[in-house]
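The next block holds one structure in the form of structure tokens; read it before the comments.
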Amino acid sequence: MRRLAGKSIATLLLMASLSACAANTNRAPIVDRYNPSEQRPDYYVVSRGDTLFSIAFRYGLDVQGLAAANTIRAPYTIYPGQRLRLREGRVPAPRPSVSTKPIVASKPPPKAVSKSPSKPKTPPLQSAPANESWRWPAAGPVLRAFVATSQAHKGIDIKGKMGESVKASRSGTVVYAGSGLVGYGNLLILKHSERYLSAYGHNRRLLVKEGDIVKAGQVIAELGDSGTDTAKLHFEIRVDGKPVDPLRLLPRR
């Protein structure tokens with residue numbers, strides 16, 4: 001009897017183990033991590049390739065408030081190793097206009113030893129006309145909607161095919177072009193005014209660079225799957241650094 005009881009218990013344990021293995025054969029789906037929820041540190045140390053816009057975007061801050069908190073004036077020049085306070089300072093009214101293109105973090109320039117001929121001014125940051133409407137950046141349907149109460153999805157996902165055109169939703173200036181923000185892949189951020197930014201993630205290839213002035217409807221990238229599991233465009237609109245539902249601003253289809 002004891003032998004039979006022992007065999008029965010062993011059989012049950014084996015069946016339970018096999019059932020557990022069978023239940024785990026399906027892999028967990030890949031989850032996009034758009035600006036994942038994280039405790040904002042008090043300070044951030046600038047890395048090569050950062051711009052003040054990309055840092056503000058990452059932590060949901062208004063770029064002018066971040067600049068004010070760190071006594072940084074336009075064109076918002078920052079350097080690797082620089083320590084920034086991650087908070088918003090008081091912005092003087094009226095807000096100062098940005099006169100030159102954003103400068104990517106680089107080594108501090110050496111002290112000038114002699115005067116050189118004056119160079120032509122760099123093109124100013126262009127704001128979209130006040131009456132300019134928002135446009136859809138890609139032609140496909142919406143795969144995933146904006147989630148207002150979550151830190152995990154701050155925009156919308158638009159279905160597409162690899163290599164399809166990604167277009168500027170509004171006129172403006174490229175203030176970030178790179179892959180330094182986790183979860184966004186190859187990312188573009190456009191500045192449309194002192195308050196409005198738009199972002200385009202997961203691109204296969206970026207067709208514009210930081211400082212470029214673009215027009216609404218201009219092709220700025222090729223749709224891709226960088227930083228995610230399928231070909232799609234992740235699109236965000238930020239107002240004063242805070243994400244809003246793009247479907248509230250885009251025209252109805």
Of L250, T230, S198, which is farthest along the charge dipole of the stretch 197-253 in the positive direction, counting Lys and Arg as +1 and Asp and Glu as -1 at C-beta?
L250
Expected unfolding gain across D225-V182 under the 0.36 nm per residue rule, minus the alpha-carbon gap, is 14.1 nm
On the accessible surface of the stretch 147-253, probed at 1.4 Å, how many percent belong to carbon and sulfur atoms?
48 percent
Grab the Cα-Cα distance for S165 and K242, subtract it from 0.36 nm times how many residues apart they are, and report the gain in nm with one decimal.
25.1 nm
Given points 7 Å out from each Cα along the Cα-Cβ axis, report the R205 to Q218 separation in nanometres with one decimal.
1.8 nm
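The values are calculated or read from the model by the stated rules, or taken from the named source; none is laboratory data. Computed from a prediction, not measured in an experiment: that's the story for all the values here. All Cβ positions, glycine included, derive from the backbone under ideal geometry; neighbour counts span all protein chains shown. Surface accessibility is based on the protein's heavy atoms, side chains included, excluding ligands, DNA and RNA. Shrake-Rupley method; radii C 1.70, N 1.55, O 1.52, S 1.80 Å.
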